Amino acid sequence: MKDLGKKKLLIITAGIIGLVVLITVILLVYNAIFGSTSYKDIENKVLNAAKKYYEKNQELLPQSEGEQVTITDTSLTSAGYLDSMSKLTKDMKGVTCSASVIISYVDEEHRYTVLLDCGDSYSTKTLTSYIKEHEAKVYTGQGLYDLNGELVYRGENPNNFVKFSGKTWRIVKIENDQVVLIFNEKSERSVWDDRFNNDRNQADGINNYSVSRIYENLQKMYQENSILSKESKKLLAMHSLYSGKRNEADIYNDGSIEKSNFVENQYIGLLPLYDYINASIDENCNSAVTESCTNYNYLNHFAYTWWTLTGDASNTYRVFKVTSEGSINAAKASTNGYIRPVVYLAKDVLYTSGTGTESDPYVIK
């Protein structure tokens, strides 16, 4: 009887221990799942509050392309649409948060972006802030350089791949906190321009981008969603294209030549020549006539001849293109080359995942 009692006691003890272990495991799993998503829950509550607020206050929404407005969590709380941050974070010991919502008007639609800041515990990451935080600036070799007031990717194969709208792009630079992307897949083939040129007395084209055929083709590609889905276009920023012309031997690559003329309020364009030159880390690459620009240059990794945005200042019919070997050629605008679209991402585009390598590109939303 005594042995039977001991056995029962052991069974009960083992059952209690097993139950404690089971409860502990359940709590750990619960915390792992729900604890890690609690900040996302707060972001969603702030987002829903902002949408409800602007449903009632539509006159406060931006109405012009590229325009933005921002509302804070305190304003949403004061208006009665959101619990206070202290209440939303009451289960997070020692955590203090603030939030804002940026509402942008892009492609005739409104896009809402929530930015949550909880100090060292958590913060919403934009692609720009993530790159600045995780990509160390370099002074030699391939990587991210601080150049002419911009953060510029240079070298043979830096980690600047982005998966966007289901296609592969590469980051050229970060300019005024806007990430500049160039298309890294085969696109359409086109003349730059084929209009009648009075100086040549034949249809060699005119190297004025704003009235060119390639401008028309890019606008068509944008409107028809051929490389950018309607949803992905909401992540773009309206910007000015640098359409200044340069001579083949010009060695000023700070952008001042190309920036001498603008085509304003654009969502899509081409790469100005100085960006191609700056992508090479060959010290001899300094103008359109230096063959060394083909060296140590990730923009050279494209098996087709493609057009830049930049016209030749010495005449009215030639435009700079990059050959399949990577050399720069001032060619007649009426010849064919591939289009490599360039877009600017909005400053508040959010980082989702990725390290920027070809096998693990940055993913955004």
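Descriptive notes on the structure:
- Condition check for Thr89: of a type in the set (Val, Ile, Thr), surrounded by fewer than 16 Cβ atoms within 10 Å (Cβ to Cβ) and outside the structural domain of Asn278 (by TED's automatic domain parsing): no
- Of the residues making up region 67-93, those that are of a type in the set (A, V, I, L, M) and in a helix (DSSP H, G or I) number 3.
- Restricting region 63-76 to residues that are within 23 Å of the chain's Cα centre (by Cα) and surrounded by fewer than 16 Cβ atoms within 10 Å (Cβ to Cβ), the residue that is nearest to Val101 (Cα to Cα): Thr70
- Matching residues, region 192-217, being buried (at least 21 other Cβ atoms within 10 Å of the Cβ), in contact with a helix residue (DSSP H, G or I) (Cβ under 8 Å, 6 or more places away or on another chain) and not hydroxyl-bearing (Ser, Thr, Tyr): Trp192, Asp193, Gly205
- Summed over region 305-336, the residues that are of a type in the set (Ser, Thr, Tyr) and within 24 Å of the chain's Cα centre (by Cα) give a count of 2.
- None of Tyr81, Tyr54, Tyr39 is buried (at least 16 other Cβ atoms within 10 Å of the Cβ), within 30 Å of Ile268 (Cα to Cα) and touching a residue at least 24 places away in the same chain (Cβ under 8 Å) except Tyr54.
- Some residue of region 152-171 being within 20 Å of Lys259 (Cβ to Cβ), part of a strand (DSSP E or B) and over 15 Å from the mean Cα position of the chain (by Cα): yes
- Scanning region 249-273 for residues that are within 20 Å of the chain's Cα centre (by Cα) and part of a helix (DSSP H, G or I) returns no hits.
- Selection of strands (runs of 3 or more DSSP E) fully inside region 173-248 by the criterion of at least 3 residues being closer than 30 Å to Leu144 by Cα returns 178-183, 239-242.
- Just one of the listed residues (Gln223, Gln178) is closer than 15 Å to Val343 by Cβ and in the same structural domain as Asn297 (by TED's automatic domain parsing), namely Gln223.
- Residue check, Arg213 in the same structural domain as Ser280 (by TED's automatic domain parsing), in contact with an Asp or Glu (Cβ under 8 Å, 6 or more places away or on another chain), of a type in the set (Lys, Arg) and without any contact (Cβ under 8 Å) to a residue 60 or more places away in the chain: yes
- Leading residue by the ranking (nearest to Asn253 (Cα to Cα)) among those in region 129-155 that are surrounded by fewer than 17 Cβ atoms within 10 Å (Cβ to Cβ) and touching a strand residue (DSSP E or B) at 6+ places or on another chain (Cβ under 7 Å): Asp146
The values are calculated or read from the model by the stated rules, or taken from the named source; none is laboratory data. Quick caveat, the model's predicted, so the values are computed rather than measured. A quick note on method: Cβ atoms are made from the backbone with ideal geometry, for glycine too, and the neighbour counts reach across all protein chains shown.
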